[in-house]
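To start, the structure itself, in structure tokens.
The values are calculated or read from the model by the stated rules, or taken from the named source; none is laboratory data. These numbers come from a predicted model, not from an experiment. Please note: Cβ atoms are built from the backbone with ideal geometry, for glycine as well, and neighbour counts cover all protein chains shown.
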Amino acid sequence: MTNEVIQKLEEKVIEFNSRINNEPTFSKKIEGKNRTICICISDGKNYSTKLDNLEIESFKETEDSTADVVITASSDVIIALLQKNIHPIKAYMSGDLKVKASIMDMLLLKGLF
């Protein structure tokens, strides 16, 4: 399951960076935003990335779960979110998804999920 999570996260990084380059409205929303993001897989490992200078880096495995934005869920829920098979609000309200972030950062993440 871990390989599938990594693959889906990388697809989202490519999609996110493409939107930054091709959608001026989207890039304007994140211009000047520098954030660290950690995805904590409850039945797996943690992966972190950094949004800096209008680009999000590839996710890397990490032991450190401190970041500006911390998302915690099982690998099944993360994959379902990334494939848009489940809505983030539904996953959050059911307790399957935990998010530690400011409201502004949560809105920023909407572009990733």
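Just to be sure before I move on: is residue 25 of a type in the set (S, T, N, Q) and surrounded by 16 or more Cβ atoms within 10 Å (Cβ to Cβ) in the structure I sent? It is false that residue 25 is of a type in the set (S, T, N, Q) and surrounded by 16 or more Cβ atoms within 10 Å (Cβ to Cβ).
If the condition is being in a loop (DSSP other than H, G, I, E, B), out of contact with any helix residue (DSSP H, G or I) (no Cβ under 9 Å at 6 or more places or on another chain) and of a type in the set (A, V, I, L, M, F, W, C), then the range 55-71 contributes only 67. On the basis of being part of a helix (DSSP H, G or I), surrounded by fewer than 18 Cβ atoms within 10 Å (Cβ to Cβ) and β-branched (Val, Ile, Thr), does residue 14 make the cut? Yes.
Looking across the range 47-78, just one residue is surrounded by 19 or more Cβ atoms within 10 Å (Cβ to Cβ) and farther than 23 Å from residue 104 by Cβ, and that is 77. When you look at residue 90, is it among the basic types (Lys, Arg), surrounded by fewer than 17 Cβ atoms within 10 Å (Cβ to Cβ) and part of a helix (DSSP H, G or I), yes or no? Here the answer is yes, as residue 90 does meet what is asked. Considering the range 72-87 alone, what residues qualify as being outside any strand (DSSP E or B) and of a type in the set (Val, Ile, Thr)? Result: 77, 78, 79, 86.
For the range 17-49, the set of residues classified as closer than 24 Å to residue 98 by Cβ, at pLDDT 90 or above and either aliphatic (A, V, I, L, M) or touching a Phe, Trp or Tyr at 6+ places or on another chain (Cβ under 9 Å) (or both) consists of 37, 38, 39, 40, 41, 47, 48, 49, listed by residue number. Can you tell me which residue in the range 30-41 is surrounded by the fewest Cβ atoms within 10 Å (Cβ to Cβ), limited to those that are touching a residue at least 40 places away in the same chain (Cβ under 8 Å) and under 10 Å from residue 54 (Cα atoms)? This residue is 33.
Cβ separations smaller than 6 Å between residues 6+ apart or across chains give the following pairs from the range 96-110 residues that are free of Cβ contacts under 8 Å to residues at least 24 places away in the same chain to residues that are in a helix (DSSP H, G or I) and crowded, with 17+ Cβ neighbours inside 10 Å: 96/77.
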